[in-house]
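A short write-up of the structure that comes next.
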Amino acid sequence: MDGIVGIYGPGDNDLVAKTFLATGACQHRGKASTGLAVGNSKGIYIYKGLGRIADVIDHNLIRTFQDLEPTAAIGNIGYTKRKIAEKTNSEPIEIIPKLRSKYSLAITMDGYLIKEDDLKAELEGEYSFQSANKTEVVGAFLHKYICQEGISFDAGKRVLDKLRGRATFALTALVHDGKDIYLLALNDPKAFEPFCCATIDGAFVASSESCSHRRLHGFTEKEYDGAEMTICSPGGTETKRLIDEPMMPDIFQGVYFGNVASMFRGKEIFQIRRELGLELTDYYGKSSADIVIPNPESGWGVTVGIAEGLKKQLFPALIKLPQAVRTFQEGKSDTRSKEVGLKFGGVDSLLSGKNIAMGDDSIVRGSVSEGGSVWVVYNAGARYIEFWISYGPMFFPSFKEWHRGEDCLHELAVQRAFKDDNPYDKTLDEINKAVAKLVGVNEVRYNVKERIQRVAGDGSFQALDASYPIEQEFWPDWLKRDVEKFLHYRQA
């Protein structure tokens, strides 16, 4: 998941520094690469590299870019596009037409495109592709339609129509028409990816997360509805909704991703997670725990609610070590399980001899808990662990993982817990017990979809019930078979 920013501020002497700060506020999202692009009356200039933002962008670059007197800028904090990060896949990306064009364009995007080979083949006669990044395909279509329709809402509508049913995205782009620079912001019709905007000190700021606005001492004024487009031009700033259809925001992003102080569909993420904890304690009732601890860092919000609901003390007894290695994208489960043990430290004086209620946002594969936090808590002397989970049992993988094949289904904790059986006809109690055995705790207490929905609202619960934002014609066959099985048992 990338963090993206776009700022339009003619005459703003701090435009580049603001873009740096707003982009850096999203650093928790992507850590593989960083890039900035600025645009002025003469064109678009891009600088990017591998690593966190402070590793790539320094004060000298900010000063040099500001000396160009830019009108607009875009920024990206990149998630790993492939197993090994490559600079060529980092963003923003410049779109390269094969024939001379009036328009130049640079783009950055948070989102995903399914099975883009046919789309890329359609464009290869007109564009030279420099990367394996799906963002470049989206940018090429945007450029193509701008060439045909001008810098207009019609061009944005054609992008939406082209990608309908097979992509989710929020994007910002700089467009130069040979004279002026324009900033464009656009998201998919379902508003699956978070996207918001504000005007701060006269500058328009679009971002994948509202923490960017707070970093600039402003407040989010609007979260984009689906298929909304903003065009910032010398003539002013205008926002328009291009397609009016039911939205499907990704509820998991309110539960798992993001800065806890950010907003998600009008609600602070911390409060969403706290309320999920309260829902859990209301659903399950009593606990044998002596104290409540979070599985850091993602478990803090729900654990506050658990402690509040159980009326028990909350302690930071499990610590994420500052030198911890990043393991979320490690593909091999055995390697991941070994590495996660390096992430945590336990406080013996708080854990020894105690019954523990440990809160976490979710169990995806289960390897962080299985090989890391659970082992550390027991090693510190805990007698008993109740593992309280703010999200429900995850039966299905994110559609952003489909390209890895059926492995992304079978590696999920719920699937592994019923490896030689079927998880879809099991009760919640049976699932709780099987996953508890898998990750090595005494109890697991999953949340249920109805209570999550009560707190976070309507949207996509893709992992819980296969409510994907992608049309079924683009689903892999192995997924279709399992979803059919799921529906058979759940609707029986």
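Quick notes on this structure:
- Exactly one residue out of Lys18, Lys81, Lys31 is in contact (Cβ under 8 Å) with a residue 12 or more places away in the chain and farther than 23 Å from Thr168 by Cβ: that is Lys18.
- Residue match in the stretch 14-36 (condition: over 22 Å from the mean Cα position of the chain (by Cα), of a type outside the set (Gly, Ala, Ser) and surrounded by fewer than 18 Cβ atoms within 10 Å (Cβ to Cβ)): yes
- Residues (in contact with a Ser or Thr (Cβ under 8 Å, 6 or more places away or on another chain) and part of a helix (DSSP H, G or I)) located in the stretch 22-31: Ala22, Thr23
- Yes/no for Thr168 being touching a helix residue (DSSP H, G or I) at 6+ places or on another chain (Cβ under 9 Å), of a type in the set (Ser, Thr, Tyr) and within 25 Å of Met1 (Cα to Cα): yes
- Among (1) within 28 Å of Glu245 (Cα to Cα); (2) part of a loop (DSSP other than H, G, I, E, B), the one test that Val483 misses: (2)
- Those residues of the stretch 425-453 which are among the aromatic types (Phe, Trp, Tyr) and either surrounded by fewer than 15 Cβ atoms within 10 Å (Cβ to Cβ) or without any contact (Cβ under 8 Å) to a residue 24 or more places away in the chain (or both), in sequence order: none
- Selection count, the stretch 113-171, where residues are charged (D, E, K, R) and more than 21 Å from Ile243 (Cα to Cα): 10
- Leading residue by the ranking (farthest from the chain's Cα centre (by Cα)) among those in the stretch 368-415 that are over 17 Å from Ile470 (Cα atoms) and among the polar types (S, T, N, Q): Asn379
Rundown of residues vs (1) at pLDDT below 95; (2) of a type in the set (Ser, Thr, Tyr); (3) surrounded by fewer than 21 Cβ atoms within 10 Å (Cβ to Cβ), yes/no style:
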residue	(1), (2), (3)
Ala227	no, no, no
Ile243	no, no, yes
Glu308	no, no, yes
Leu318	yes, no, no
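- Just one of the listed residues (Asp421, Asp465) is surrounded by fewer than 20 Cβ atoms within 10 Å (Cβ to Cβ) and under 30 Å from Pro246 (Cα atoms), and it is Asp465.
- Residue match in the stretch 164-182 (condition: part of a strand (DSSP E or B), touching a strand residue (DSSP E or B) at 6+ places or on another chain (Cβ under 8 Å) and surrounded by fewer than 17 Cβ atoms within 10 Å (Cβ to Cβ)): no
- The one condition in (1) of a type outside the set (Phe, Trp, Tyr); (2) modelled with pLDDT of 95 or more; (3) crowded, with 20+ Cβ neighbours inside 10 Å that Gly11 fails to fulfil: (3)
- The strands (runs of 3 or more DSSP E) located wholly in the stretch 224-299 that include 1 or more residues which are within 18 Å of Pro469 (Cα to Cα) occupy 228-233.
The values are calculated or read from the model by the stated rules, or taken from the named source; none is laboratory data. Because the structure is a prediction, the values reported are computed rather than measured. Don't worry about glycine lacking a Cβ; one is built from the backbone with ideal geometry, like all the others, and counts go over all protein chains shown.
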